[in-house]
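What follows is one structure encoded as structure tokens, with my remarks underneath.
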Amino acid sequence: MALRPNVFAAAEGFPNKKGFGLTSQIRRAAVSIPSNIAEGRGRTSEKSFALFLTQARGSLYELETQAELAGELGFATKDQAAAIIAEAAEISRMIHGLLAKLLRGA
């Protein structure tokens, strides 16, 4: 959840050209990460939770790619893109640790 405000703030400066979907994509990815974690947590098995965590991790990787692209294209500042990527890397480590724990116990 903490990643979303930084992503949305950076996306405010993206161009509004019709047909250019990076703004929408990066925002959807930022919302998808905690949503998948929450949905998986509500499931009845650790195996199901692990599946949703892998989906959250996929969205996180999408977000990192989109942030890097936004920085390269000049839509986000290099500092904004770097901050998002660094925060995403930390979240990735947390998801990986939780996944490892779930899979050991499964």
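Just so you know, all these numbers are worked out from the coordinates, no wet-lab data involved. The model shown is predicted, which means the values in this text are computed figures rather than measured ones. So basically every Cβ, Gly included, is an ideal-geometry build from the backbone, and we count neighbours across all protein chains shown.
When the C-alpha atoms of the chain are aligned to their principal axes, what extent does each axis show, in angstrom, from largest down?
Largest first, the chain extends 46, 24, 17 Å along its Cα principal axes.
Which order results if E90, E68, E12, E62 are arranged by neighbouring Cβ count within 10 Å, fewest first?
Ordered by Cβ neighbours within 10 Å, fewest first: E12, E90, E68, E62.
Give the relative contact order (percent, whole number) for the chain; include only Cα pairs under 8 Å separated by 6+ residues. All intermediate terms of the calculation are to be shown ahead of the outcome.
Values: 109 pairs, mean separation 31.5, N = 106.
Relative contact order for the chain comes out at 30 percent.
Distances over 12 Å make up what percent of all Cα-Cα pairs in segment 63-106?
For segment 63-106, the fraction of Cα-Cα distances above 12 Å is 61 percent.
Whole angstrom only: what separates the Cα centroid of segment 1-32 from the Cα centroid of segment 80-97?
For segment 1-32 versus segment 80-97, the Cα centre distance is 16 Å.
Do any trypsin sites (Lys or Arg not before Pro) in segment 22-106 lie in a DSSP loop with no more than 15 other beta carbon atoms within 10 Å, and if so, which?
Answer by residue number: R43.
Using just the helices of the chain, give the 222 nm mean residue ellipticity in deg cm²/dmol: DSSP H runs with n ≥ 4 each add -39,500 (n - 2.57), and the total is spread over all residues, rounded to 500. Present the calculation step by step, with values, prior to reporting the outcome.
Values: 4 runs with 85 residues, N = 106.
The per-residue figure over the chain is -28000 deg cm²/dmol.
Quick one: order V7, V31 by neighbouring beta-carbon count within 10 Å, fewest to most.
Numbers: V7 24, V31 16.
The fewest-first ordering by Cβ neighbours comes to V31, V7.
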